[in-house]
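Working notes, beginning with the structure itself.
The values are calculated or read from the model by the stated rules, or taken from the named source; none is laboratory data. The structure displayed is predicted, hence computed values, not measured ones. Every residue, glycine among them, receives a Cβ derived from its backbone with ideal geometry; neighbour counts consider all protein chains shown. Note: accessible area is taken over every heavy atom of the protein model, side chains too, but ligands, DNA and RNA are not part of it. Shrake-Rupley method; radii C 1.70, N 1.55, O 1.52, S 1.80 Å.
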Amino acid sequence: MSLRRDVRRGLRIGRAEFVRSIRGYTSETRRVVGLLLLLLFFGGSLLFSLPAVYVAGRSAQSVTEIPLFGLVATAVPVVLTLLATFRTLERIGRVEHESLVLTTVPPRAVVIGLITAEIARIALWFGLPIAVVAATFTAGLGAPSLLLTTTVVVVPLACCTTVWGYAAGVAALRGFKRLPGVRRVLKVVGFVAMAAFVLVSQAFGRLLGDGSLPVDTLAATLTFGPLTDYLALAFVGTPLARPFSAAAVATFAAIAALTPLGLVVATRQASALWFTDRAPGGDRGSAASAKADGSAGGFSTPKPLAGTNGGNVAWGLLVRGVRHPQQFTHLVMLVFFLGPLGTTIVQSSADGLGPILAASEAGLGTYLAGATFGLNPVGDDRPQFPMLLLTATAPRTLVRGRVLAGVLLGAPVAAALPLVTVALGTSPLSAVGFALVGVCMCLAAATFSVGIGAAYPIYEEREFWGATTVVPSTLVLMAFMFVVGPGTVIGLVATWFGVTGHLAPTPLLAAGVGLYLLVTVGVSYGSYRYAIRRYRTYTFD
């Protein structure tokens, strides 16, 4: 089959995949609202940075005067390759309806289509913000041709890195199929690595802003000269243009040669993955055998919970969470808020370290109690609804089981960890106060989450590292964090002032505490009752 025909078919497949992605983004109102919120959140940060970009364009006299240009030029291909690898592991390692597609067109056309669609998606999500920054810098520099030359330089680099990232991701999937145990280990390692990367990057940004980081030394150490020279070609025809260097020409030649070579490697890897039977000892077989071997003892409810139906439901949710941890992927959002907090803890004094840790752990337990099992109750239970709603178990019991499961997971964190901080200097009264308030907040967060989650259920499954799961709506998660987060902070701050004796009992204080408790209890109980009503009035399409 000729390359031209495969490219033509691949472009059609890529266009269809990209259009389907756009339709998926805009298919429902809640997804559109979620995208608008993300645009408002990240777009606001981008708008605040544009004046500095414009000033940098006005004042730049050479490429070397652009802040961290060499470091960014080195990081761009690395980030694009890792992004393409991760996306291949998560989503595009296989084509949907492969039995039909692979008997219609050659594998090379399918690979070209998947990579083309992924490049278009990357251009949509990352290209538009980069284009806005480039346009602002161009306006300050006064050289309109910069947008065209930047596109000419960046597009070949993006194609090369995406092709090789796809090849690396498919190779990893082949390895996972041969060694299924490695997949489970890497899921944990990948999550920890991603969390560590977010925390380190946020700490890096803070240290960079404080000026306490040796930026020049770090940039000189990590900068790769040939990539810097190649990306500097984007300034051809502008006042910042540099003479052509042999390294830049060699880098361009290498990119032009590696792209088709990567396509050949990716096609062979994908063909070997798609046309090879699954190993008999894969995750599904091992999971099924594990369930068959240990179903009797693994699911038996402990005595403290076995006395009530709600306790049995809670234990079932906890067991399912251990067996299928991918359902907690949405908890990664917490990492973005732990970065500044972690830096604050590290920089705190010895006297304040214990109380700050105690309050943080109480807040962490509160978040886990609500975010683990309560943000999508109807969506999680929908596959079992025909059985659940026809049993004698009341909807109240099902909702209560979810609340109890969240409390059982979050309360030990909110109660035990603050008590441990006594060894770090926290007074026993403060530790006990934070623990008690943390447990109460866990109950409030768990009852609130089932209501907001039932109001906005998500039923669609998505594949994450080879496992299919249903995750809560981003809109629900953000609403939960914006409501529970400030409420938790107010409660913990009030607890701190109360146990340290800084609050004198006055009628105004009593009114404020009473109003806070009334709102917290009222909203949480109302959400709990709403979730029960949603279960009772649920209808099948």
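Limited to the range 78-105, what total is found for residues that are assigned to a loop (DSSP other than H, G, I, E, B) and within 21 Å of Thr469 (Cα to Cα)? Reasoning before the result, please.
Pass one, the range 78-105, residues assigned to a loop (DSSP other than H, G, I, E, B): 93-97, 102-105.
Keeping just the survivors that are within 21 Å of Thr469 (Cα to Cα) gives 93-97.
Adding up the residues that qualify gives 5.
For the subset of the range 489-541 comprising residues that are part of a helix (DSSP H, G or I), within 29 Å of Pro386 (Cβ to Cβ) and aromatic (Phe, Trp, Tyr), which member is modelled with the lowest pLDDT?
Only one residue tops the list, namely Tyr535.
Tell me which residues, restricted to the range 304-318, are of a type in the set (Val, Ile, Thr) and closer than 15 Å to Asp381 by Cβ.
Filtering the range 304-318 down to residues of a type in the set (Val, Ile, Thr) leaves 308, 313.
Result: Val313, single match.
Kindly indicate whether any position in the range 95-115 is at negative phi, basic (Lys, Arg) and open to solvent by 20 Å² or more (accessible area, probe 1.4 Å). Show your work before the answer.
Step one: list which residues in the range 95-115 are at negative phi, which gives 95-96, 98-115.
Going one step further and asking which of them are basic (Lys, Arg), we end up with 108.
Imposing the further condition that a residue be open to solvent by 20 Å² or more (accessible area, probe 1.4 Å) reduces the set to 108.
Yes.
For the range 343-354, does any single residue satisfy the condition of being open to solvent by less than 20 Å² (accessible area, probe 1.4 Å) and at pLDDT 70 or above?
yes
Take the range 45-63 and flag every residue that is modelled with pLDDT under 75 and either open to solvent by 90 Å² or more (accessible area, probe 1.4 Å) or within 26 Å of the chain's Cα centre (by Cα) (or both).
Once the filter is applied, which keeps residues that are modelled with pLDDT under 75 and either open to solvent by 90 Å² or more (accessible area, probe 1.4 Å) or within 26 Å of the chain's Cα centre (by Cα) (or both), the range 45-63 yields Ser45, Gln61.
When the residues of the range 151-207 are filtered to those that are β-branched (Val, Ile, Thr), open to solvent by 70 Å² or more (accessible area, probe 1.4 Å) and at pLDDT below 85, which remaining residue is nearest to the chain's Cα centre (by Cα)?
Applying the filter and picking the extreme gives Val192.
Select from the range 234-256 the residues that are in a loop (DSSP other than H, G, I, E, B) and aliphatic (A, V, I, L, M) and write down the one among them that is surrounded by the most Cβ atoms within 10 Å (Cβ to Cβ).
Looking only at the range 234-256, we keep the residues that are in a loop (DSSP other than H, G, I, E, B), and these are 236-245.
The next check asks that each one be aliphatic (A, V, I, L, M); those that pass are 236, 240-241.
Working: Val236: 16, Leu240: 21, Ala241: 16.
The selected residue is Leu240.
Suppose we filter Val420, Val432 for residues that are over 31 Å from the mean Cα position of the chain (by Cα), of a type in the set (Val, Ile, Thr), farther than 30 Å from Val470 by Cα and open to solvent by 30 Å² or more (accessible area, probe 1.4 Å); which single one remains?
Working: Val420 fails: over 31 Å from the mean Cα position of the chain (by Cα).
From the options Val420, Val432, the qualifying one is Val432.
Quick check, is Ala405 more than 19 Å from Thr520 (Cβ to Cβ) and surrounded by fewer than 24 Cβ atoms within 10 Å (Cβ to Cβ)?
Numbers: more than 19 Å from Thr520 (Cβ to Cβ): yes; surrounded by fewer than 24 Cβ atoms within 10 Å (Cβ to Cβ): no.
In short, no.
List the pairs whose first member sits in the range 3-21 and is over 15 Å from Leu102 (Cβ atoms), whose second member is basic (Lys, Arg) and part of a helix (DSSP H, G or I), and whose Cβ atoms are under 7 Å apart, counting only residues at least 6 apart or on separate chains?
Phe18/Arg121; Ser21/Arg121
Got at least one residue in the range 5-18 being surrounded by fewer than 16 Cβ atoms within 10 Å (Cβ to Cβ) and touching a Ser or Thr at 6+ places or on another chain (Cβ under 9 Å)?
yes
Pairs please, first residue from the range 157-176 and touching a residue at least 60 places away in the same chain (Cβ under 8 Å), second anywhere and outside any helix (DSSP H, G or I) and of a type in the set (Gly, Ala, Ser), Cβ atoms under 8 Å, 6+ apart in sequence or on different chains.
What qualifies is Gly169/Gly93; Val170/Gly93; Leu173/Gly93; Leu173/Gly466; Phe176/Gly466.
Just checking, does the range 33-44 include any residue being open to solvent by less than 80 Å² (accessible area, probe 1.4 Å), in contact with a Phe, Trp or Tyr (Cβ under 6 Å, 6 or more places away or on another chain) and either in a helix (DSSP H, G or I) or without any contact (Cβ under 8 Å) to a residue 12 or more places away in the chain (or both)?
Kept after step one, since they are open to solvent by less than 80 Å² (accessible area, probe 1.4 Å), are these residues of the range 33-44: 33-35, 37-38, 43-44.
Those still in the list that are in contact with a Phe, Trp or Tyr (Cβ under 6 Å, 6 or more places away or on another chain) too: none.
No, every residue in the range 33-44 fails to be open to solvent by less than 80 Å² (accessible area, probe 1.4 Å), in contact with a Phe, Trp or Tyr (Cβ under 6 Å, 6 or more places away or on another chain) and either in a helix (DSSP H, G or I) or without any contact (Cβ under 8 Å) to a residue 12 or more places away in the chain (or both).
Could you identify the single residue in Ala75, Ala84, Ala16 that is modelled with pLDDT of 80 or more and more than 27 Å from Ala134 (Cβ to Cβ)?
Values: Ala75 fails: more than 27 Å from Ala134 (Cβ to Cβ); Ala84 fails: more than 27 Å from Ala134 (Cβ to Cβ).
None of the others qualify; the one that does is Ala16.
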